[in-house]
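Below you'll find the structure, written out as C-alpha cells, and then a few comments.
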Amino acid sequence: MAGASMPVYRPSHGGNLVWAASLAHCSPAAILDFSASINPLGPPPSAIAAIQAALGEVNAYPDPTYSQLCHAISNFHHIPPEWILPGNGSAELLTWACRELADLDKTYLLTPAFSDYQRALKAFGAVVEECPLDEFRVPSAECRVPSAVSPLDWLRHSPFAIRSGLLLNNPHNPTGQLLTREAIAPYLDQFALVVVDEAFMDFLPPGEDHSVIDWVQQYPNLVVLRSLTKFYSLPGLRLGYAIAHPERIQRWQQWRDPWSVNSLAAAVGSVVLQDTAFQQQTWDWLATMRPKFEHQLARIPGLQPLTSAANFFLVQSDRSVPELQATLLKHDQILIRDCMSFPELGDRYFRVAVRTAEENQRLIDALSQRIGNRE
C-alpha cells in the first residue's frame, strides 16, 4: 500500500485496520491490532464448524424468530426465550434501547463513555446528563474502584428520577472498572429505565462476574445488552442479544428491520454458548496474562495502566498518544487505540487489548523503544 494517501479522519472505533495500514504503508493483514478488545484465542473451532455446516442454508432466509438461537441463550442464562432478542451486534440493540431512553425526560450517562452511546441517544433527540467517572466512585467486586458515595445518590430522593433513564456499561469501557451488583441495585428502584451494557462481562468467570441478567424478570425497567463477538472473536459476524421484558422485546421487533441476524451468525451463536472448553481456556489465559501485561506496561517510564477487570487496559501517557500511535504504526506496524473519541480523556490516554504473551511482548518492546527514543 506504499504511496497511499494520508486519511483525513480519525476512526471513532478500534479495529480499523484499513485506516491503520494507510498510515503504516502496509497491508491490513500485517497490522498487529491492540486497538480492538477481541479475544486472541478465537474464533473457537466450534464456531468455524458451525459456519461451515450452515453454508448450505445461505440460500434461504433466516428463521425470523431465531428460535434455536434464543433457546441456546435461554439455556445459558436460565431465562425464558421470550425475554431474549438477538441482534446484529449489541450495537443494533443499543439503538433501540436509546430510542426508549430518548422518550424519557433525561438520560444519565457515565462518562467517559463508548461513543456509540452518544450517537444513538442523539439520533433520537435524548436529553443527556453526563456523570463523570471521577465523581461516580462505587465499590467494586475486587476494590477496583475507590469506595465513595455516588453523585447519583441525590436522584434517589428526586421526584424527577421516575421519568429519567440510566445507561451504564459494566465492566466499564474504556477504564475496565467493574461495578458491583450492590452498587447498581439501588438505581433499579429510582429510574424509569436502566440499560446495562455487559459487552465485556463474559471475560469474568462465574463467581467473579457481576451480571444483573438474573434481575431482569424482577425489574421490568431493566435491560441488559450482551455481545458474542468480543469473547468469541467474531466481530465480523455481528452478533449480540438483549434481555428485557417480553413487551419491550416485542416492541423492538416491530421497530427494526426483519432478519437482522444472518443465518451464519445465528448458527454460530447457537453453539458457542455451549463451548465450555473454550470459555474455560479464555478465563485461564486472561487470569494469567492480564496481571503480567499490566506489570509490563507499568514498568515503562511515562505510562500508568489502570487496573482492569476486562481484557483491556486504559493507559495514561505523558506523551501525546496520536503521535505515539503514528510512530508505532510507522516503525512497528502495531495499532493502539487512541482515546480521542472520549472527550474527557483527550490525547494522553490509550487503550490496549490483552493479547498472547508473544504479541504483548512485541508491544512492550516497541513502546519501550519508541518512548525512550521520543521519535
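The values are calculated or read from the model by the stated rules, or taken from the named source; none is laboratory data. Keep in mind the model is a prediction, meaning the values are calculated, not measured. Ideal geometry is used to build each Cβ from the backbone, glycine not excepted, and the neighbour counts take in all protein chains shown. Ligands, DNA and RNA are excluded from the accessible area calculation, which covers all protein heavy atoms including side chains. Shrake-Rupley method; radii C 1.70, N 1.55, O 1.52, S 1.80 Å.
How many percent of the accessible area of the chain is carbon or sulfur, using a 1.4 Å probe?
On the way: 8360 of 15730 Å².
Carbon and sulfur: 53 percent of the exposed surface of the chain.
Compactness ratio for the range 16-128: Cα radius of gyration over 2.2 N^0.38 Å (N = residue count) comes to 1.43. The stretch between Glu358 and Gln316 holds 12.8 nm of extra length on full extension. This uses 0.36 nm per residue minus the Cα-Cα distance.
Only helical runs count toward this figure. For the chain, summing -39,500 (n - 2.57) over DSSP H runs of n ≥ 4 and dividing by all residues gives -10500 deg cm²/dmol at 222 nm. Comparing mean-square fluctuations of Arg351, Arg362, Arg337 from a GNM of the chain with C-alpha springs under 10 Å, the top value falls on Arg362.
Computing FRET efficiency as 1/(1 + (r/R0)^6) for Glu208 and Ala30, where r is the C-beta to C-beta distance and R0 is 35 Å, gives about 0.45. With protein chains left intact and a 1.4 Å probe, residues in the chain average 42 Å² of accessible area per residue.
Using the Cβ-Cβ distance between Glu82 and Glu323 with R0 set to 45 Å, the FRET efficiency from 1/(1 + (r/R0)^6) comes to roughly 0.30.
Want the number for Arg163 to Glu344: 0.36 nm per residue separation, take away the alpha-carbon distance, what's left? Separation in residues times 0.36 nm, less the Cα-Cα distance, equals 62.5 nm.
If you model the range 302-356 as an ellipsoid using its alpha carbon gyration tensor, with each semi-axis the square root of five times an eigenvalue, the axes come out at 17, 15, 10 Å, biggest first. Computing FRET efficiency as 1/(1 + (r/R0)^6) for Gln254 and Ala123, where r is the C-beta to C-beta distance and R0 is 25 Å, gives about 0.90.
Dividing the convex hull volume of the alpha carbon atoms of the chain by its residue count, what do you get in Å³ per residue? Intermediate results must be reported in sequence, preceding the final value.
Working: hull volume 53.0 nm³, N = 375.
In the chain, the Cα convex hull volume per residue is 141 Å³.
For Tyr108, the residues 5 or more places off, or on other chains, whose built amide H falls under 5 Å of its own are Glu129, Gly165, Leu166, Leu167. Size check on the range 238-375: the Cα extents along the three principal axes, sorted descending, read 57, 36, 26 Å. For the range 216-253, the residues whose amide N sits under 20 Å from a probe point set 7 Å from the Cα of Arg181 along the beta carbon direction are 216-227, 242-245.
How high is the relative contact order of the chain, in percent, with contacts defined as C-alpha pairs under 8 Å that are six or more residues apart?
Details: 694 pairs, mean separation 88.2, N = 375.
Value for the chain: 24 percent.
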